[in-house]
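The values are calculated or read from the model by the stated rules, or taken from the named source; none is laboratory data. These numbers come from a predicted model, not from an experiment. Cβ placement follows ideal geometry from the backbone for every residue including glycine, while neighbour counts extend to all protein chains displayed.
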Amino acid sequence: MRHVKILLAAAFLAGLATAAHAQKREVNVFNWSDYIDPKALERFERETGIHVRYDVYDSLETLEGKMLAGHSGYDVVVPTSEPTFSRLIRAGALQKLDRAKLPHLANLDPALMARVASSDPGNAYGAIYLWGTTGIGMDPVKVAKLAPDAARDSWDLLFKPANAKRLAACGITMLDSAIDVIPSVLHYLGHDPNSAAPADLADAERALKAIRPYIRNFASGGAIEQMASGETCLALDYSGDVIQASVRAKEAAKGVSVKYVLPREGAQIAFDMLSVPKDAPHPAEALAFIDFMLQPDVMAGVTNIVRYANAIPASHDKIAAEIAGDTGTYPTPDLMARTFTVHAISADATRARSRMWARFKAG
Ligand code: N2P
């Protein structure tokens, strides 16, 4: 009898073990494309035993659509502070971070977190992952050949139709995102990048339509491949993506050179925020993942690979000198002072911008 009991107990325990195995801990991460150090994911899995399912998106429009629809199944998402992160907070699509579970939050630069507090009062919903600017990627050699008299540190290179016309010969690529492009155009034209005034939007539409014939293609999620391969010599693009392209072009050694420029008129600065959807199926694992990422050596590894700045000062001495010293990744104070952030605009204004964007793309 006693023997039978032991056997039953053993069978019960084995059953439990199988159930535990079937429910292996996991975390579903949804991040921007080309925005991770794969070694960080491996190390997280090794150290925590939590399996990472990792998906990518290539525009804020895609991320926002999934989040607002709900039941995305994601545990960690990385929306840009404005307009998406702040809009998701207001829509109730994210949950407050449990600070007690995030000891490494203390590693974040308080000055940078304070900049994000206008989108997220009290920094209740997000931790800065990486940040960057949206400016111009170019092959300086080809650009100098086709437009020798054009200033190479100005939005004029792209937005002056005479320049765009000459550079069309070596290829112009534009980010396929109204959210990213329209504020830059408004700012270039001397309007408030957050303007919802129909007259300002009409002005931006005129400016975009004037260069439409010279745009070869629209890129989702950045133009890394197009720039690295030399298919394109000018792109309105995210800073780190252009710098990744410059690294790939150098490695390929096929005569393509790529450079990122934060135009002198100023550029949008964007903070991408680690955050947790309201209906995340694995909130505890989400916090474990976020806290893991906020360690100086992990974030240094990410910056070394993706070439975007992070917000953890203690990571700096672990970042390769040529990256820490690259003003494309870490802008000088003077360039930094010329950056601007956007706000979320009304739903009506957003719709007007999307319609304008569709008309512009259709040409
Ligand atoms: C995409 C990176 C996007 C950064 N590779 C947007 N701030």
All positions within the range 300-322 that are in contact (Cβ under 8 Å) with a residue 60 or more places away in the chain and either more than 23 Å from residue 126 (Cα to Cα) or within 16 Å of the ligand (Cβ to nearest atom) (or both): 302, 303, 304, 305, 306, 307, 308, 309, 310, 311
Conditions (1) outside the structural domain of residue 287 (by TED's automatic domain parsing); (2) within 16 Å of the ligand (Cβ to nearest atom); (3) of a type outside the set (Lys, Arg); number of the one not met by residue 150: (2)
Residue list for the range 239-277, filter: hydroxyl-bearing (Ser, Thr, Tyr), more than 25 Å from residue 194 (Cβ to Cβ) and buried (at least 19 other Cβ atoms within 10 Å of the Cβ): 246
Residue in the range 163-173 that is hydroxyl-bearing (Ser, Thr, Tyr) and away from the ligand (no atom under 16 Å from the Cβ) present: no
Failed item in (1) of a type outside the set (Asp, Glu); (2) away from the ligand (no atom under 16 Å from the Cβ); (3) under 19 Å from the mean Cα position of the chain (by Cα), with residue 143 passing the rest: (3)
Residue in the range 65-82 that is nearest to residue 196 (Cα to Cα), counting only those that are more than 12 Å from the ligand (Cβ to nearest atom) and crowded, with 22+ Cβ neighbours inside 10 Å: 67
The range 93-107: number of residues that are small (Gly, Ala, Ser) and surrounded by fewer than 18 Cβ atoms within 10 Å (Cβ to Cβ): 2
Hits in the range 195-247 (condition: among the charged types (D, E, K, R) and either away from the ligand (no atom under 16 Å from the Cβ) or in a strand (DSSP E or B) (or both)): 200, 203, 205, 206, 209, 212, 216, 231, 237
Elements of type helices (runs of 4 or more DSSP H) contained in the range 17-131, each with 3 or more residues being within 30 Å of residue 350 (Cα to Cα): 60-69, 86-90, 110-116
Residue 188 vs. criteria of a type in the set (Ser, Thr, Tyr), modelled with pLDDT of 95 or more, in the same structural domain as residue 229 (by TED's automatic domain parsing) and out of contact with any Pro (no Cβ under 6 Å at 6 or more places or on another chain): yes
Number of the exception - residue 169 against (1) within 23 Å of residue 355 (Cβ to Cβ); (2) in a helix (DSSP H, G or I): (1)
Failed criterion for residue 178 (all others in (1) within 16 Å of the ligand (Cβ to nearest atom); (2) at pLDDT 95 or above hold): (2)
